[in-house]
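The values are calculated or read from the model by the stated rules, or taken from the named source; none is laboratory data. What you see is a predicted model; the values in this text were computed from it and never measured. Glycine also receives a Cβ, built like all others from the backbone with ideal geometry; neighbour counts cover every protein chain displayed.
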Amino acid sequence: MVHGGKARLTIGGEERTVGAGDFCCIPAGVPHSDICIGDEPFVMLDIFYPLREDFIARLCESSGPDQ
């Protein structure tokens with residue numbers, strides 16, 4: 001979900017321009033990238049399903065035992 005700004009989003013070789021309020025679904029394993037366009041910062045909320053266990057493990061490692 002795009003919260004703000006604009007970007008050129010590439011999903012599996014298909015390119016599109018996205019902006020605030022747009023939603024995209026990127027299937028698992030499909031290469032993707034984005035490039036901010038315009039003067040505003042590009043802000044996007046990523047939601048992963050199924051749960052990304054590798055992200056959780058990295059977060060726990062970087063937080064330390066007191067977090």
Inset, instruction - Could you tell me whether any residue of the range 55-64 is assigned to a loop (DSSP other than H, G, I, E, B), among the small types (Gly, Ala, Ser) and on the phi < 0 side of the Ramachandran plot? - result: no
Legend entry - Selection count, the range 27-59, where residues are modelled with pLDDT of 90 or more and farther than 29 Å from Arg8 by Cβ: 1
Inset, instruction - Take the residues in the range 1-26 that are assigned to a loop (DSSP other than H, G, I, E, B) and under 12 Å from the mean Cα position of the chain (by Cα), then tell me which one is nearest to Met44 (Cα to Cα). - result: Met1
Legend entry - the range 13-23, subset at pLDDT 95 or above and of a type in the set (Gly, Ala, Ser), residue surrounded by the fewest Cβ atoms within 10 Å (Cβ to Cβ): Gly21
